[in-house]
Amino acid sequence: MDALLSNADSARDTMRRYRAAAEECRANAAKTKDLILTARPGLMQFAQLCEILADSIEARLGEDRHG
């Protein structure tokens, strides 16, 4: 049981890191003025991918609790 809790804690930490990275990318994209055509869309896309990864971890954690 301890291994399951440890894996869940590790997954939660990873999920939090992805969400923090997404937030940081969005903040940097908002501050980016000079490279609008290249940097901002790339930062926003990376933020979206981080959110997708975090959502998948969150869904998996929910399944672990119920399954």
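What to note about this one:
- In the stretch 28-40, the qualifying residues are those that are surrounded by 13 or more Cβ atoms within 10 Å (Cβ to Cβ) and at pLDDT 85 or above, and the one that is nearest to residue 13 (Cα to Cα) is 28.
- When residues of the stretch 1-27 are limited to those that are of a type in the set (Gly, Ala, Ser) and surrounded by fewer than 13 Cβ atoms within 10 Å (Cβ to Cβ), the one modelled with the highest pLDDT: 20
The values are calculated or read from the model by the stated rules, or taken from the named source; none is laboratory data. Remember, predicted model here, so these are calculated numbers, not experimental data. Note: ideal-geometry Cβ built from the backbone for every residue, glycine included; neighbour counts use all protein chains shown.
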